[in-house]
1. Is at least one residue of the stretch 155-167 of a type in the set (Ser, Thr, Tyr), closer than 25 Å to Asn108 by Cβ and part of a helix (DSSP H, G or I)?
2. Kindly provide the set of residues from the stretch 97-107 that are under 19 Å from Ala142 (Cα atoms) and surrounded by 14 or more Cβ atoms within 10 Å (Cβ to Cβ), ordered by number.
3. If the Cβ limit is 6 Å and pairs must be 6+ apart or interchain, which residue in the stretch 155-175 that is closer than 17 Å to Tyr198 by Cβ pairs with which residue that is of a type in the set (S, T, N, Q) and assigned to a helix (DSSP H, G or I)?
4. Out of everything in the stretch 143-154 that is surrounded by 11 or more Cβ atoms within 10 Å (Cβ to Cβ) and either under 12 Å from Asp110 (Cβ atoms) or among the acidic types (Asp, Glu) (or both), what residue ends up being modelled with the highest pLDDT?
5. Count, please, the residues in the stretch 11-22 that happen to be in a helix (DSSP H, G or I) and at pLDDT 90 or above.
6. Going through the stretch 127-141 one residue at a time, which ones are under 19 Å from the mean Cα position of the chain (by Cα), under 17 Å from Ala73 (Cβ atoms) and not β-branched (Val, Ile, Thr)?
7. Do we find a residue being under 30 Å from Phe12 (Cα atoms) and either in a loop (DSSP other than H, G, I, E, B) or modelled with pLDDT of 90 or more (or both) anywhere in the stretch 121-142?
8. In the stretch 82-121, which residues are within 15 Å of the chain's Cα centre (by Cα), among the hydrophobic types (A, V, I, L, M, F, W, C) and closer than 15 Å to Ile134 by Cα?
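The values are calculated or read from the model by the stated rules, or taken from the named source; none is laboratory data. Fair warning: this is a prediction, and the values are worked out from it, not measured in the lab. Cβ atoms come from the backbone with ideal geometry, glycine included; neighbour counts cover every protein chain shown.
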Amino acid sequence: MARPEFAEIKDFEEFSRYYWYRDELIQICKQLGLKADGGKIELNNVIRAYFAGEHIVPTPKKTATKRRPSTHAELTLDTGLIECGFTFGNRFRDFFARETNTDHFKFNVDMVATAKAVKANGDESFTLGDLLQIYYGTKTYAQYDKSALQWNRFVKDFCADTATQIYSERLKAAAALWKIVRESDQEKVYSREVLDKYKDRIVKP
């Protein structure tokens, strides 16, 4: 016997004789204005209640009220990164300088990557104390892609070497040599020895 349309079904007993996919149950509940989330058991219970004369409607979603960051409250290690509106400005630099007993505190690259990730994830549980652990390397959250730093150091050292002055387009020459080094298993640093070893593979000036 072919399964009838839902509108043709008279009661839950008849409804239960047929197999319904979860997506179908969701669609039925939505069309009836009923609660349409959860697993098959929960959806079936909603439909059971419907046939019994009870309408289980969706729970209204609460509109999230966006809290303004507290920019004047005292900072502590328990202060949430999002809660205090963390930036890399002087207020927070001074805070970490006191916590680390450092005169000229500098945020490291993993702190920068972590702060960005915490904000992107909306992670309100992450605190300034956690960020301090990132500074000391005792906690990991998000790490900076250090390959960019390696390239920057490589090209700087390449251009500082007088032997590379033979190249009219030194940045292109450095990029060609970097590609060779990057794809090898050797240390990702520039040296005169590296230049001598691979200079025949660099585009001539």
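1. In the first step, residues of the stretch 155-167 are kept if they are of a type in the set (Ser, Thr, Tyr); the result is 162, 164, 167.
From the residues that got through so far, the ones that are closer than 25 Å to Asn108 by Cβ too are none.
Scanning the stretch 155-167, I find no residue that is of a type in the set (Ser, Thr, Tyr), closer than 25 Å to Asn108 by Cβ and part of a helix (DSSP H, G or I), so the answer is no.
2. Here is the first cut: in the stretch 97-107, the ones under 19 Å from Ala142 (Cα atoms) are 106-107.
Selection gives Phe107 alone.
3. Phe158/Thr164; Arg170/Thr164
4. Going through the stretch 143-154, the residues surrounded by 11 or more Cβ atoms within 10 Å (Cβ to Cβ) turn out to be 143-144, 146, 149-151, 153-154.
Remaining after also requiring either under 12 Å from Asp110 (Cβ atoms) or among the acidic types (Asp, Glu) (or both): 143-144, 146, 149.
On the way: Gln143: 69, Tyr144: 68, Lys146: 63, Leu149: 74.
Ranking the candidates gives Leu149 first.
5. First pass over the stretch 11-22, keeping only residues in a helix (DSSP H, G or I): 12-15, 22.
After this cut, where a residue has to be at pLDDT 90 or above as well, the list is 12-15.
Counting residues in the stretch 11-22 that are in a helix (DSSP H, G or I) and at pLDDT 90 or above gives 4.
6. Leu128, Leu131
7. Let us first name the residues in the stretch 121-142 that are under 30 Å from Phe12 (Cα atoms), namely none.
No; the residues of the stretch 121-142 include none that is under 30 Å from Phe12 (Cα atoms) and either in a loop (DSSP other than H, G, I, E, B) or modelled with pLDDT of 90 or more (or both).
8. The answer is Met111, Val112, Ala113, Ala115, Ala117, Val118.
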